[in-house]
Amino acid sequence: MKTKNKTHNDNCASTGLISVKQAIKTILDEATPVEETETIDILHALNTVLAEDIRSTIDVPGYDNSAMDGYAVNSTDCQREGCQLPVSQRIAAGHVGTKLEPGTVAQIFTGAPIPEGADAIVMQELCKVSADSVTVNTVVKTGDNVRRAGEDIATGHTVLSKGKRIRPQELGLLASIGLAKIAVKRKLKVAIFFTGDEIITPGQTLAAGQIYNSNRYTLQGLLQSMHCEIIDLGIVPDTLKATTDILKKAAANADLVITSGGVSVGEEDYVRIALEKLGELTMWRIAMKPGKPVAFGKIDKTLFMGLPGNPVSVFVTFIIFVRALIFKMQGAKDFTLQRFSVVAGFDWPEVKRQEYLRVKLVQKNDQTIAELYPHQGSGVLSSASWADGLVEVPVNQRIAKNDSIKYLPFDA
Ligand code: AMP
Ligand code: MG
């Protein structure tokens with residue numbers, strides 16, 4: 001990436017726009033985690049944030065067990081290839097065998113407890129089975145193919161800490177230590193509404209000049225995947241009164257209000273004015289593309305994010321600003337945006353505002369290359385659907401093919 005002018009400062013004094021970095025800081029500085037917690041069944045805990053440290057009261061595994069289908073042996077009986085030993089018992093998973101008779105083997109299955117007297121498992125592929133004995137075609141070492149008690153989790157060990165966001169693998173981990181319920185932060189209440197005389201709900205027939213309310217579904221999807229309680233207040237006409245009334249209602253019932261449209265400088269844009277009437281506007285013009293007009297502020301204790309109306313801007317600004325804000329409000333410990341380096345598969349001219357381009361990653365000759373969607377307009381929602389993530393083009397920089405560039409995955 002080529003930098004022409006490295007003197008660009010965080011507040012973009014020359015343009016009056018706030019830098020993305022400063023905007024993220026401003027937003028996160030205002031966010032405080034919810035305090036209330038609730039105890040829920042782990043089956044319903046996906047995407048919640050832990051409100052307690054979790055310690056294991058058991059070893060996992062709880063007993064030494066076989067990592068293979070095969071034969072439990074005493075390794076001293078198998079110190080040369082081709083030892084022939086009788087089979088004295090059979091131990092399936094869920095069953096406990098008896099002490100291994102010296103000079104014999106026990107047929108054993110993956111997950112079954114190792115019998116007393118055995119210290120290794122020989123996989124069945126290395127054994128030749130005859131009527132009542134087994135020839136072990138390998139030299140066995142003590143501990144071979146044995147999963148030790150507590151090798152995953154030891155009793156007393158903290159397996160997950162407060163502030164951890166629960167993913168599917170954490171659900172499994174909690175189950176593995178026998179926990180049925182956990183304390184998590186309560187759901188964040190997020191009120192949403194959509195401004196615009198032109199927007200209607202899918203299922204209705206479009207009249208001249210109307211479009212469907214795609215932002216509702218994008219936002220609902222994003223918020224549902226983040227375990228929020230959504231208060232959907234629907235479509236609001238472009239008048240100051242309607243906007244102020246709905247904003248008041250939204251702020252009274254939610255931790256966070258998110259809106260789409262009506263935050264620019266047009267005569268039909270009332271969201272910012274309504275916010276200033278009811279509460280305070282902290283910032284609203286950001287040096288980014290898409291998404292220059294993003295209003296941030298608060299009404300009493302309720303935070304407010306006014307996203308632009310253009311469908312791609314809604315998606316991008318949510319990923320850049322709102323996701324981290326919600327993570328922090330939910331009490332998550334880690335809410336920084338993930339970025340990693342990939343190789344540019346395209347050229348892009350120098351930018352004046354930080355740009356977020358929709359790209360797809362492809363593997364070519366051991367390199368991860370970002371390919372660009374050809375139409376990057378802020379109304380082209382197909383670009384977000386086609387892409388896997390965003391490439392960040394910093395202010396005053398351009399991208400040349402094969403440059404190392406910063407990539408932000410959509411699903412981080
Ligand atoms: P605005 O910020 O209100 O001027 O809207 C910018 C653009 O986004 C306009 O073309 C709007 O028609 C469009 N837009 C606004 N709200 C929505 C919505 N909910 N769904 C789809 N497009 C919208
Ligand atoms: Mg509008």
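The values are calculated or read from the model by the stated rules, or taken from the named source; none is laboratory data. Small disclaimer: the values here were computed from a predicted structure and weren't measured. Positions of Cβ are generated from backbone atoms using ideal geometry, with glycine treated the same way; all protein chains shown enter the neighbour counts. In case anyone asks, the SASA skips ligands and DNA or RNA and just uses the protein heavy atoms, side chains included. Shrake-Rupley method; radii C 1.70, N 1.55, O 1.52, S 1.80 Å.
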(request) State all residues of the stretch 129-167 that are of a type in the set (S, T, N, Q) and not in a strand (DSSP E or B); if no residue qualifies, say none. (result) S130, N137, T138, T142, N145, T155, S161
(message) Under 6 Å between Cβ atoms, which residue pairs at least 6 apart in sequence (or on different chains) link something in the stretch 89-100 that is within 19 Å of D119 (Cβ to Cβ) with a partner that is surrounded by 12 or more Cβ atoms within 10 Å (Cβ to Cβ) and aliphatic (A, V, I, L, M)?
(response) Q89/A106; I91/A106; I91/I108; I91/A112; G97/I91; G97/A106; L100/A106; L100/A118
(message) So for the stretch 306-324 (the condition being away from ligand 1 (no atom under 16 Å from the Cβ) and either at pLDDT below 95 or open to solvent by 40 Å² or more (accessible area, probe 1.4 Å) (or both)), does at least one residue qualify?
(response) no
(request) Please determine, by comparing only the residues of the stretch 329-363 that are closer than 30 Å to K298 by Cα and of a type in the set (S, T, Y), which one is nearest to the chain's Cα centre (by Cα). (result) T336
(request) Taking the options L222, L188, name whichever one is within 14 Å of ligand 1 (Cβ to nearest atom), of a type outside the set (S, T, Y), open to solvent by less than 50 Å² (accessible area, probe 1.4 Å) and under 18 Å from R323 (Cβ atoms). (result) L222
(request) Kindly provide the set of residues from the stretch 325-347 that are under 19 Å from D388 (Cβ atoms), small (G, A, S) and open to solvent by less than 40 Å² (accessible area, probe 1.4 Å), ordered by number. (result) A344, G345
(request) Would you tally the residues in the stretch 220-268 being among the charged types (D, E, K, R) and touching a residue at least 60 places away in the same chain (Cβ under 8 Å)? (result) 2
(message) If I go through the stretch 254-285 residue by residue, how many of them are more than 14 Å from ligand 1 (Cβ to nearest atom) and touching a strand residue (DSSP E or B) at 6+ places or on another chain (Cβ under 9 Å)?
(response) 12
(message) Taking the conditions exactly as written (modelled with pLDDT of 95 or more and open to solvent by 80 Å² or more (accessible area, probe 1.4 Å)), does K164 satisfy them or not?
(response) no
(request) Report the residue count in the stretch 256-274 for those that are open to solvent by less than 30 Å² (accessible area, probe 1.4 Å) and within 31 Å of the chain's Cα centre (by Cα). (result) 9
(request) Specify which of the listed residues (T239, T195) is closer than 21 Å to E280 by Cα, within 16 Å of ligand 2 (Cβ to nearest atom) and out of contact with any strand residue (DSSP E or B) (no Cβ under 7 Å at 6 or more places or on another chain). (result) T239
(message) Let me spell it out: the conditions are (1) of a type in the set (D, E); (2) open to solvent by 40 Å² or more (accessible area, probe 1.4 Å); (3) under 23 Å from the mean Cα position of the chain (by Cα), and E170 meets all of them except one. Which number is the exception?
(response) (2)
(message) Of all residues being within 18 Å of the chain's Cα centre (by Cα) and modelled with pLDDT under 95 in the stretch 364-412, which is nearest to G221 (Cα to Cα)? Just the residue, please.
(response) D411
(request) Quickly run through the stretch 194-209 and pick out the residues that are within 10 Å of ligand 1 (Cβ to nearest atom) and open to solvent by 60 Å² or more (accessible area, probe 1.4 Å). (result) D197, E198, G209
(message) Checking G143 against (1) on the phi < 0 side of the Ramachandran plot; (2) of a type outside the set (S, T, N, Q); (3) open to solvent by less than 30 Å² (accessible area, probe 1.4 Å), only one condition comes out false. Which one?
(response) (1)
(request) Filter the stretch 242-262 down to residues that are of a type in the set (A, V, I, L, M, F, W, C) and within 16 Å of ligand 2 (Cβ to nearest atom) and give me whichever is farthest from E30 (Cα to Cα). (result) A242
(request) Within the stretch 56-88, count every residue that is loosely packed, with under 13 Cβ neighbours inside 10 Å and either without any contact (Cβ under 8 Å) to a residue 24 or more places away in the chain or hydroxyl-bearing (S, T, Y) (or both). (result) 2
(request) Find the residue count for the stretch 234-253, including only residues that are open to solvent by 40 Å² or more (accessible area, probe 1.4 Å) and within 16 Å of ligand 1 (Cβ to nearest atom). (result) 4
